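A short write-up of the structure that comes next.
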Amino acid sequence: MSDLVALAVAVPIFGSLAALVAGLVRSESGWPVAVVACVAQVAIAARLAATAFGDGTITYVVGGFEAPYGIELLVDGLAATMLGLIAVVSLGVLAYARRAGPRSNPFYAVYLLLVAGLTGMSVTADLFNMYVFLEITGLAAYALVASGDRGRSAVAALKYLLVGTVGASLFLLGVGYAYIDTGTLNMADLATKLGDADPTLVHAAFAFIVVGLFIKVAVFPLHTWQPDAYAGAPDSVAALVSALVSTVAAYALLRVVYTVFGVGFLANNELAHAILVGGATVSIVAGSLLAVSQSEVKRMLAYSSVSQFGLVVAAIAIGNVTALMGAVVHLVGHAIMKGGLFLTAGLVATETGARRVEEFDGLVRRSPVGAGAFGVLAVAMVGVPPTVGFAGKWYIAVGAAESGSWALLAVIVGSTLLTLAYFARLVERMFFREPSDDLEPAIEAVADGGEAPGASLGMRATVVAAAVAAVALGLAVFGYSQHLQPTIEVLLS
Amino acid sequence: MSESASEADPEAAETADDLRSYVESPIIMATVRVVSPFVFTYGLYLMFHGANSSGGGFQGGVVVATVMLMLGIAFGIDPLREWVGESTLVLVVVAGVFAFLAIGVVTTLPPFGGGFLDYSALGFPGASKYGIEAVELFIGVVVASTITGLFFAIDAGKEGGDNE
């Protein structure tokens, strides 16, 4: 059943088509279709992950062509982790979107297309194929951001489209430079041939690919699309996009830097290493500072992502086993935590109308579930011990210490304090302040019913599940890291 | 909190009459009648040549879509849209993508037992070539209908409406 790898990409596309057809029969019928497709996707991802962690890396060449010429798909521990994350998060967000989200069928068709694109990026072992899936992911994400009914969504999507397209084009240019000198696009094949290639072309390829992916990951000076896109999108979309799109782009960065260019390239090229370290450091510091200065909760969360992805890039720059383990753990942890935070922000806004930091005063009385989940997730994001946020940052920090990157270590530890700075003020407002009176209009509609009209059980359950997962995954990290170790060692060899 | 203010703007509908781009011209209609079968054939030719020479579904699909554009310009876009129908267009796109995927999956099924998109597993001579041509044809169908849909959507946009 090795065809399962190809089916992992094909199933969401089938689902997407089914959602469109269902829309012709009956409007607002996309949700059940999307659920069926996502459940199937979870099953496929689970099966693939079991094989990848149990029996070792799965490779698959589409169409029976030979590996360097045909498109190779590869599922190792890293890709399997991403597959599982994508499947689970997209299913989880669906539970939230049933009541909250856009309900049109084209929305769910695009939703599943995004899942297909992300899955494709995770499993591909071919650089050009990765570009194709990067574009599919990008286009689907632009359309999803635009699915809000306000003008703000449209503007944010347009900005995202323009900046994101530049990013994808830079990536393609980089792939082109790599191809010119080696005549191959297969990642493993490129890795062996780039060694003998013209160094100028290799440097150009590295720079273009890394900067292109920096745009997709939203690393500091190139992050400008991201806060608008997250804040302008509907809540369920913001959660899905923030949890998965940048995450998979960061995975792509990790994959390209280590599978294609390799450890030796980074060791021999100060400048290449400096690009990664510089991007990471600036992103961590600037992202945190910008997050502190935001007054809108969703924008604050968006800038927080800029800072957290700085940590992941820092781990990629450090490049030893511990740090890369931390990068993967933090990618998964960040996806769960940030997706959960966006959903919680959406739940809070639905229940109380509070969307700005000062409106969170005394939130625990008005929205106990929302405030509780937000508190847990915020604490996890800061990195308090049993949570997954701690595990990821711990691995990255230990990795930095092992490699003697003391400056980076200082930045990583400092970032935790900055994260504390912007989350602590929200937590303090939510739990220890009296609700202010001028918020009455927002609550009025709710006051007589006792329960908010908009929030459903599914929305609350998703939010609580995210909070529980943020803690539970922290406890599971140790066992998981032992399974991931062989994959990372192969990556670094 | 659903704020669904319907945005039916009466003024937009009035000004739309002034923006009407359709001019009935016997010259254009006659030309389109003569040219379109050739353009359509050329589009098909490009699609079928995707396997062994330059050409392919994307180029061919665009050329086929220009037939629809020409028909729209010659005979009016609104009548053409009514004649085609929104749902037909969606169905054609879906059918095209579905057929592409189906070819990929069929080769993995028991009687053939090959890999995904492994045409040679189908077992007849030249299966790989015909498989690629079939896929190019379906890509062409998808591209042509998508471009036609975009053309309709842009046209609907000029009247200030939304064709959802």
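Applying the Karplus relation 6.51 cos²θ - 1.76 cosθ + 1.60 with θ = phi - 60° to the range A:230-238 yields 3J(HN,Hα) values of 5, 6, x, 6, x, 4, 5, 5, 4 Hz, where x marks Gly and Pro. For A:VAL61, nonlocal amide neighbours, meaning residues 5 or more places apart or on other chains whose placed amide H falls under 5 Å from its own, are A:LEU73.
Note on A:VAL155/A:ARG425: beta-carbon distance plugged into 1/(1 + (r/R0)^6) with R0 of 30 Å gives a FRET efficiency of 0.60.
Here the label points at A:VAL490 and A:ARG26, each 7 Å from Cα along the C-beta direction, are separated by 4.6 nm in the simple model. A simple rule links phi to the HN-Hα coupling: the Karplus curve 6.51 cos²θ - 1.76 cosθ + 1.60 with θ = phi - 60°, which for the range B:93-104 gives 4, 4, 4, x, 5, 4, 5, 4, 4, 4, 4, x Hz, with x for Gly and Pro. Under 26 Å of direct C-alpha separation, and excluding same-chain neighbours fewer than eight residues apart, A:LYS393 reaches these lysines: A:LYS216, A:LYS298, A:LYS338. Ordering A:LEU492, A:ALA424, B:GLY43 by the projection of their Cα atoms onto the charge dipole of the protein assembly as shown, which places +1 on the Cβ of Lys and Arg and -1 on the Cβ of Asp and Glu, puts A:LEU492 at the extreme positive end.
Ranking A:ALA345, A:VAL471, A:SER405 by how far each Cα lies toward the positive end of the dipole of the range A:269-493 (charges on Cβ) leaves A:SER405 at the top.
Quick check for me: using +1 on Lys/Arg Cβ and -1 on Asp/Glu Cβ, what's the dipole size of the range B:24-158 about its Cα centre, in debye to the nearest 20? Please list the in-between numbers first.
Details: 4 positive and 8 negative charges, 34 e Å.
Here the size comes out at about 160 debye.
Listing A:LYS393, A:LYS159 from fewest to most neighbouring C-beta atoms within 10 Å gives A:LYS159, A:LYS393.
Mean separation of Cα pairs under 8 Å and 6+ residues apart, divided by the residue count of the range B:24-158: what relative contact order is that in percent? It would help to have the intermediate numbers written out before the result.
On the way: 172 pairs, mean separation 42.2, N = 135.
Relative contact order comes out at 31 percent.
Run through the range A:350-416 and list the chymotrypsin sites (Phe, Trp or Tyr not before Pro) located in a DSSP loop whose Cβ has at most 10 other Cβ atoms within 10 Å.
none
Compared with the dominant Cα axis of chain A, that is its longest principal axis, helix A:4-25 is turned about 40°. Between the beta carbons of A:GLU402 and A:LYS193, assuming R0 = 30 Å, the FRET efficiency works out to 0.45 to the nearest 0.05. Phi-derived couplings, Karplus 6.51 cos²θ - 1.76 cosθ + 1.60 at θ = phi - 60°, listed residue by residue for the range A:51-58: 5, 5, 7, x, 9, x, 4, 9 Hz, with x used for Gly and Pro. When restricted to Cα atoms, the range B:24-158 yields an Rg and a Dmax of 17.5, 57 Å, respectively. For the peptide B:83-91, the mean number of other protein chain Cβ atoms found within 10 angstrom of a residue's Cβ is 2. Relative to the Cα centre, the charge distribution of the range A:269-493, modelled as +1 at Lys and Arg Cβ and -1 at Asp and Glu Cβ, gives a dipole magnitude of about 400 debye.
Jot down the per residue volume, in cubic angstrom and as a whole number, of the convex hull over the alpha-carbon atoms of the range A:9-118.
Values: hull volume 10.7 nm³, N = 110.
Expressed per residue, the convex hull around the Cα atoms of the range A:9-118 is 97 Å³.
Shown is the FRET efficiency for B:SER87 and A:SER293, computed with R0 = 56 Å from the Cβ-Cβ distance and rounded to the nearest 0.05: 0.70.
Helices in the protein assembly as shown, meaning DSSP H runs of at least 4 residues, each add -39500 (n - 2.57). Divided by all residues, the mean residue ellipticity at 222 nm is -26000 deg cm²/dmol.
Report, in debye and to the nearest 20, how large the dipole of the protein assembly as shown comes out about its Cα centre when Lys and Arg carry +1 and Asp and Glu carry -1 on their Cβ. Show your work: numbers first, answer last.
Values: 28 positive and 49 negative charges, 244 e Å.
Dipole about the Cα centre, nearest 20: 1180 debye.
Cα-based values for the range A:269-493, radius of gyration first and Dmax second, are 18.8, 66 Å. Here the spin labels are modelled as points 7 Å beyond Cα on the Cα-Cβ line, and at A:LEU162 and B:LYS129 they lie 4.9 nm apart.
In chain A, the longest principal axis of the Cα atoms and the axis of helix A:321-352 are about 30 degrees apart. On a 0 to 90° scale, report how tilted helix A:77-100 is relative to the longest principal axis of chain A, with both axes built from alpha carbons and the result rounded to the nearest 10. It is inclined by approximately 20 degrees. Semi-axes of the equivalent ellipsoid of the protein assembly as shown are 41, 34, 22 Å, computed as sqrt(5λ) over the eigenvalues of the C-alpha gyration tensor in descending order.
Here the simple spin-label model places points 7 Å from the Cα toward Cβ, and for A:SER169 and A:PHE65 these points are separated by 2.7 nm. Looking at the range A:91-151, which trypsin sites (Lys or Arg not before Pro) are in a loop (DSSP not H, G, I, E or B) and have at most 15 other Cβ atoms within 10 Å? Of the trypsin sites (Lys or Arg not before Pro), the ones in loops of the range A:91-151 whose Cβ has at most 15 other Cβ atoms within 10 Å are A:ARG103, A:ARG150.
Only the coordinates and a few stated rules stand behind these numbers; no lab work does. Please read these numbers as outputs of a predicted model, since none were measured by experiment. Here Cβ is always computed from backbone atoms with ideal geometry, including for glycine, and neighbour counts include all displayed protein chains.
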